[in-house]
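Visitor: I'd like to ask some things about the structure below.
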Amino acid sequence: MPHDAPSQTRPVDARLNAAQDICSRNGAQLTPLRREVLALVLQAQTPVTAYQLLDQLKSIRKSAVPPTIYRSLEFLLENKLIHRIERLNAFVPCAEADHHHADAQFLICKNCDSVIEIEDCDVSDALEKAADRHGFTLNRAVIELDGICAVCTAKPS
């Protein structure tokens, strides 16, 4: 069974309220639709695709169509409430509200599909220094690492 990082175990309602506060501080509006989409991402046990979210949203909002979900996901990404896992073309909630999104690392388990977000400043610093040595200005360094999580590693074969 997939597992969450400690910061992701907070109740969904508390995380939705924190998201509301972040949006208010940013001058953005977490509409009921956006809140419902965020709740679906928060409740997912593994990364969830836009079409999986759309299927779930249709049980709440019969008229939901792909642009509905994509606009909501775009808003949630812009307000740093979720991450897009490129390799999986799927979405996960942020481990921490209001953290630096330009430098994140994700550990993706190939067995259970769990994703653990880590923010290792040493990794980010090393990448920035390496880029600097080549005269490259780094804007964003998101790293997705594939492997097997501790829970799956501990399971008997």
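Visitor: Check whether at least one residue in segment 116-132 is in contact with a Gly (Cβ under 9 Å, 6 or more places away or on another chain), surrounded by 11 or more Cβ atoms within 10 Å (Cβ to Cβ) and touching a residue at least 12 places away in the same chain (Cβ under 8 Å), and report yes or no.
Guide: no
Visitor: Right, something else. I'd like the full set of residues that are of a type in the set (G, A, S) and over 15 Å from the mean Cα position of the chain (by Cα), limited to segment 30-75.
Guide: Listed by number, the residues that qualify are S59, S63, A64.
Visitor: What is the number of the single condition among (1) at pLDDT below 95; (2) among the basic types (K, R); (3) farther than 28 Å from L138 by Cβ; (4) crowded, with 17+ Cβ neighbours inside 10 Å that K62 does not meet?
Guide: All conditions are met except number (4).
Visitor: Related question: For segment 110-150, give me each residue that is of a type in the set (V, I, T) and either modelled with pLDDT of 95 or more or assigned to a loop (DSSP other than H, G, I, E, B) (or both).
Guide: Hits for segment 110-150 are T137, I148.
Visitor: Can I ask one more? Just wondering, is there one or more residues in segment 41-60 that are among the hydroxyl-bearing types (S, T, Y), in contact (Cβ under 8 Å) with a residue 60 or more places away in the chain and not assigned by TED's automatic domain parsing to the domain that holds C23?
Guide: no
Visitor: Among (1) part of a helix (DSSP H, G or I); (2) closer than 21 Å to E117 by Cβ; (3) touching a helix residue (DSSP H, G or I) at 6+ places or on another chain (Cβ under 7 Å); (4) of a type outside the set (A, V, I, L, M), where does C23 come up short?
Guide: Result: C23 passes all but (3).
Visitor: Which of the residues that make up segment 60-85 are assigned to a helix (DSSP H, G or I) and within 18 Å of N17 (Cα to Cα)?
Guide: If the condition is that a residue be assigned to a helix (DSSP H, G or I) and within 18 Å of N17 (Cα to Cα), then S72, L73, F75, L76, L77, E78 are the ones that fit.
Visitor: Condition test on L107, is it touching a Gly at 6+ places or on another chain (Cβ under 7 Å), without any contact (Cβ under 8 Å) to a residue 60 or more places away in the chain and either part of a helix (DSSP H, G or I) or under 23 Å from V12 (Cα atoms) (or both)?
Guide: Judged against the criteria, L107 is a match.
Visitor: For segment 105-144, which positions are basic (K, R) and closer than 16 Å to E86 by Cα?
Guide: K110, R140, listed by residue number.
Visitor: Can you spot a residue in segment 83-101 that is assigned by TED's automatic domain parsing to the domain that holds E36, more than 30 Å from Q29 (Cβ to Cβ) and touching a residue at least 24 places away in the same chain (Cβ under 8 Å)?
Guide: Yes, segment 83-101 contains at least one residue that is assigned by TED's automatic domain parsing to the domain that holds E36, more than 30 Å from Q29 (Cβ to Cβ) and touching a residue at least 24 places away in the same chain (Cβ under 8 Å).
The values are calculated or read from the model by the stated rules, or taken from the named source; none is laboratory data. What you see is a predicted model, and the numbers here were worked out from it, not measured in a lab. All Cβ positions, even for glycine, are placed from backbone atoms using ideal geometry, and neighbour counts span all protein chains on display.
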